[in-house]
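Rule-based calculations on the coordinates, nothing more; no lab input. In this text, all values refer to a predicted model and were calculated from it rather than measured experimentally. For neighbour counting, all protein chains shown are included, and Cβ atoms are generated from backbone atoms with ideal geometry for every residue, glycine included.
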Amino acid sequence: MNQKKENIDLTDYIFKVLRFNPEKDKHSFFQTYHVSIHEGETVLEALLDIQDHQDGSLTFRYSCRSAVCGSCGMTINGALALACKTQLKSLFRHEILIEPLPNMTVIKDLVVDMEPFWNMYKIIEPWLHTEEDAPEKERLVSPEDMKKIDQYINCILCACCYGACPVLARDEEYLGPAAIARLFRFLEDSRDKRDLATIDRFNNQKGIWGCDTVFQCIDACPKDVRPTDGIAGVRRKYLLHRFRRLFRLAK
Amino acid sequence: MINHDVIIIGGGLAGLRTAIAAAQKADVAVLSKVHPVRSHSIAAQGGINAALGNAEEGKDDSWEKHAFDTIKGSDYLADQPAAETLCREAPSVVYEMEHWGTPFSRFINGRIAQRPFGGAGFPRTCYASDRTGHMLLHTLYEKSLKDGIRFYSEWLLTDLVIENGLSRGVIAMNVKTGELEAFKAKAVVFATGGYGRVYEISTNALINTGSGIAVAYRAGLPIEDLEFVQFHPTSLFGMNILITEGARGEGGYLINNKGKRFMEDYAPTLMELAPRDIVARSIQTEINEGRGFEDSYIHLDLRHLGEKKIKERLPAIREIAIDFGGIDPVESPIPILPGQHYSMGGISTDYFGASPVKGVYAAGECSCISAHGANRLGGNSLLETLVFGKIVGNAILEHLEENASEENTTALERTLNKRRNWIKELLEKEKGERISPIREKMRTTLSDKVAIFREKKSLTEALSEIEKLKERYKKISLDDKGLRFNSDLHHAIELEGMIDLAEIITKGALSREESRGSHFRLDFPKRDDQNWLKHTMAFYSDEGPKISYKEVDITKYEPKERKY
């Protein structure tokens with residue numbers, strides 16, 4: 001069951017990786033590594049090759065290596081992407097610049113502190129809100145209704161959108177694209193019965209109105225989620241809820 | 001010293017389901033070497049089995065039939081009460097996940113959709129397109145946020161502390177800071193997943209080092225049936241990323257270089273949907289006998305399913321084939337070959353997930369309750385995490401009621417200091433071998449010599465190579481001498497355990513002179529119920545694993561020859 005790995009053409013790449021270890025470095029710096037590797041391999045495989053054969057101190061996160069766990073978001077030649085999903089040949093150059101995700105504090109090298117991202121995700125209460133007791137079997141949902149949330153459930157929480165967001169770059173208290181899109185995933189779920197009054201607290205510039213609608217998050221998403229659509233959707237649903245509330249009061 | 005009632009090691013499906021159950025009444029913390037949503041459960045694709053009878057062709061399905069399929073699939077090595085529990089509780093845990101928000105795919109009538117899977121008599125596999133693990137794990141993580149479960153993310157377990165046959169707690173390293181901590185707990189749960197990365201060719205996430213099983217082994221717990229290693233029939237040629245059994249469940253064909261659906265020669269009734277051990281061996285035989293492509297792979301052909309069905313039912317598979325294989329399954333067949341996929345064996349437990357050491361439990365892939373015996377059916381592993389996670393969580397609540405807190409922390413402190421010195425010495429060591437050549441040699445040894453087809457000669461060679469690796473490991477040194485997020489140190493700690501597991505797998509395989517389920521000996525090609533209808537139990541010793549055997553628990557399904 002061996003796979004032939006010999007006899008394949010190797011290409012020489014130069015990796016310039018932004019490194020920083022607060023334990024000993026005053027400033028971050030680029031370190032250069034030369035790697036000979038097949039161009040069909042990914043950036044993650046190249047980084048692992050460096051870690052295995054040249055420098056065990058190079059630090060980055062990874063897990064599934066198949067674009068579903070969301071661990072290895074980073075900046076590759078200036079664009080935010082998953083290292084495991086980025087084939088070397090897709091970069092069309094042999095010098096590759098690797099930096100951590102923006103908008104988060106560096107813990108070491110390419111590993112950033114994702115706590116702020118997780119906090120925003122948690123704050124929108126990302127679980128199904130239901131009133132009645134659960135039925136004996138499943139709740140019935142039509143395939144069409146399931147389809148409405150299809151693109152949003154594809155999110156893998158990699159934080160590429162969070163790193164790409166210009167609003168977060170200037171305001172770290174902004175909820176961010178992933179969290180608001182996740183909120184929309186629940187608002188669009190026919191089973192979710194949350195009272196929209198619970199999102200009054202996001203009715204501000206730190207919340208659902210913060211987005212500049214410049215679509216950076218859509219470009220950055222490796223899973224074809226369109227967070228901006230989710231943000232627009234939450235705004236639409238919330239406004240409708242407010243209007244309805246006003247009309248109820250007026251009666 | 002950190003103190004919780006219950007410490008759960010691992011934040012995948014089994015760990016989180018255990019945590020949610022135990023947190024109803026106890027103070028629970030989940031400790032995971034990665035953030036929970038990065039766990040390997042996320043990569044599960046095809047689905048979760050439960051006899052719901054939602055499909056038209058599934059009306060006559062029942063949990064008893066599911067149990068029979070599971071036991072037959074196990075080549076009769078499963079402990080039958082465990083398989084029965086797995087299947088009886090299946091509908092309730094699937095409904096529970098639906099109630100908590102999992103976006104299962106639906107039939108037109110709104111019910112959870114079900115597809116055919118290998119070794120199953122009915123369409124029994126519930127799914128969320130082909131990203132079922134992703135959907136289940138996000139749901140459970142979100143439920144655990146709701147329930148306020150405490151997480152220690154990016155903490156690596158290093159030691160389990162047992163004293164006088166009683167669990168005292170664990171030692172773990174905060175990866176971000178490199179600091180070691182002792183965790184005092186009345187119950188410790190292993191939910192640490194499999195060891196796929198002991199092999200070179202594996203569908204598993206790179207984090208699947210089996211480190212939890214290894215820590216339990218070093219602490220003296222019995223490790224059961226580790227020679228039963230599942231090779232998934234269809235991993236993508238090159239990167240070995242999983243291509244779900246659901247692709248065949250939806251109607252995909254396996255084709256050799258003669259253009260033939262060769263499964264008709266091996267399993268004429270079930271064809272591509274025979275159990276995994278049989279399909280994987282058939283594919284490997286085709287490749288070995290020259291009927292593969294480039295002597296390396298065969299084709300999984302989905303083209304006849306049509307673009308609409310592929311995009312609807314298998315969108316992630318299409319994405320994987322395009323991104324990692326450079327081919328669109330709508331237009332071309334997918335090149336596939338078998339790859340290590342799952343561990344039937346693991347930490348030996350009773351039917352409630354309790355190990356022989358009081359206060360230590362295991363659930364999910366790292367455990368061996370033995371619902372899967374010698375071969376697991378597709379769709380039963382996600383099921384196992386939920387059914388037994390829930391059972392273990394509840395069993396622990398019972399255990400907590402009966403056992404008062406243990407105040408003696410001397411053993412914990414002793415182990416903490418020992419591990420702290422071990423790390424200090426390793427970091428200070430200037431000269432030695434780097435760890436990656438040792439790890440590579442281990443992986444290629446297992447993939448070459450302890451794979452689908454085994455025999456005495458290659459297994460013996462593998463065992464002596466592993467001996468050498470153990471010696472080489474003693475002389476390692478690290479590139480990274482710091483404490484902060486030191487991956488080099490993290491890998492070094494895990495490598496010691498990986499070599500242990502490689503040794504247990506190989507020794508168990510060498511000892512078992514028969515063929516059963518996933519374990520196939522070229523020199524003993526028949527199942528031998530007379531001598532080998534028993535579980536392997538491996539215990540740690542300084543000289544390597546000590547092997548003994550345990551009876552199989554048979555209730556009402558008499559062992560018969562498997563025909564599909």
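Helix B:13-22 and the longest principal axis of the Cα set of chain B meet at an angle near 60°. Derived scalar couplings between HN and Hα for the range B:345-353 equal x, x, 5, 6, 9, 7, 6, 10, x Hz in order, rounded to whole Hz, by the Karplus curve 6.51 cos²θ - 1.76 cosθ + 1.60 (θ = phi - 60°), x for Gly and Pro.
Per-residue 3J(HN,Hα) values for the range A:96-106, derived from phi via the Karplus relation 6.51 cos²θ - 1.76 cosθ + 1.60 with θ = phi - 60°, read 10, 9, 10, 9, x, 4, x, 6, 9, 6, 7 Hz in sequence order (x marks Gly and Pro). Fully extending the segment from A:R242 to A:Q31, taken as 0.36 nm per residue of separation minus the present Cα-Cα distance, adds 70.6 nm. Under a 5 Å amide H cut-off, with hydrogens placed 1.01 Å from N, B:L31 pairs with B:I8, B:I9, B:G10, B:Y152 among residues at least 5 apart or on other chains. Both numbers refer to the Cα atoms of chain B; Rg and Dmax are 22.5, 69 Å. Each of B:F324, B:F117 has some number of other Cβ atoms within 10 Å of its Cβ, and from fewest to most they run B:F324, B:F117.
Take every residue in peptide B:32-43, count the Cβ atoms of other chains within 10 Å of its Cβ, and give the average of those counts. Numbers along the way, then the final one.
Numbers: counts 0, 1, 5, 8, 0, 10, 12, 3, 4, 1, 9, 7.
Neighbouring Cβ atoms belonging to other protein chains average 5 per residue here.
Would any residue of the range B:108-139 have its amide N under 16 Å from a label point 7 Å out along Cα→Cβ of A:K148? List them or say none. B:110, by backbone N distance to the label point. Taking 21 Å as the limit for the C-alpha separation, the pairs B:K418/B:K475; B:K534/B:K560; B:K176/B:K358 exceed it in the case of B:K176/B:K358. Cross-link reach is defined here as a Cα-Cα straight distance under 18 Å, omitting same-chain residues fewer than 8 places apart; for B:K308 the aspartates and glutamates meeting it are A:E144, A:D150, B:D130, B:E250, B:E319, B:D328, B:E331. Taking chain A as a Gaussian network of alpha-carbon nodes connected by springs under 10 Å, the highest mean-square fluctuation of the residues A:F117, A:F15, A:F92 belongs to A:F92. For the set B:K260/B:K526; A:K148/B:K25; A:K206/B:K390, the pairs lying more than 30 angstrom apart at their alpha carbons are A:K148/B:K25; A:K206/B:K390.
Reducing the range B:311-365 and the range A:126-150 to their Cα centroids gives an inter-centroid distance of 27 Å. Taking label points 7 Å from Cα along the Cα-to-Cβ direction, B:E551 and B:K474 give a separation of 4.2 nm. Derived scalar couplings between HN and Hα for the range B:216-230 equal 5, 4, 4, 7, x, 6, x, 10, 10, 6, 6, 6, 8, 10, 7 Hz in order, rounded to whole Hz, by the Karplus curve 6.51 cos²θ - 1.76 cosθ + 1.60 (θ = phi - 60°), x for Gly and Pro.
Over all residues in A:21-28, what is the mean tally of Cβ atoms on other chains that come within 10 Å of each residue's Cβ? Present the calculation step by step, with values, prior to reporting the outcome.
On the way: counts 5, 1, 7, 3, 0, 0, 0, 0.
Taking the mean over all residues of the peptide, I get 2.
Determine, from the Cβ-Cβ distance of B:E467 and B:E440 and an R0 of 25 Å, the FRET efficiency 1/(1 + (r/R0)^6), rounded to the nearest 0.05. Please list the in-between numbers first.
Numbers: r = 17 Å, r/R0 = 0.68.
Efficiency, from the Cβ-Cβ distance: 0.90.
Summarising the amide proton neighbourhood of B:D159: residues at separation of 5 or more, or on other chains, whose placed amide H is nearer than 5 Å comprise B:I171. Of all DSSP bridge pairs formed entirely within chain A, close to 80 percent run antiparallel. Give the aspartates and glutamates whose C-alpha is closer than 12 Å to that of B:K146, dropping any in the same chain fewer than 8 places away, or say none. Partners found: A:E125. Full extension of the chain segment joining B:Q24 with B:R414 gains 137.1 nm, where the gain is 0.36 nm per residue of separation less the Cα-Cα distance.
For the range A:11-112, the number of Lys pairs separated by eight or more positions or lying on different chains, with C-alpha atoms closer than 21 Å, is 7.
Just counting partner chain Cβ atoms within 10 Å, what average do the residues of peptide A:141-151 show around their Cβ?
Values: counts 8, 5, 8, 2, 3, 8, 3, 0, 1, 6, 0.
Per-residue shielding by partner chains comes out at 4.
For A:T130, the residues 5 or more places off, or on other chains, whose built amide H falls under 5 Å of its own are A:K193. Taken about its Cα centre, the range B:1-61 carries a charge dipole of about 400 debye when Lys and Arg each add +1 at the Cβ and Asp and Glu each add -1 at the Cβ.
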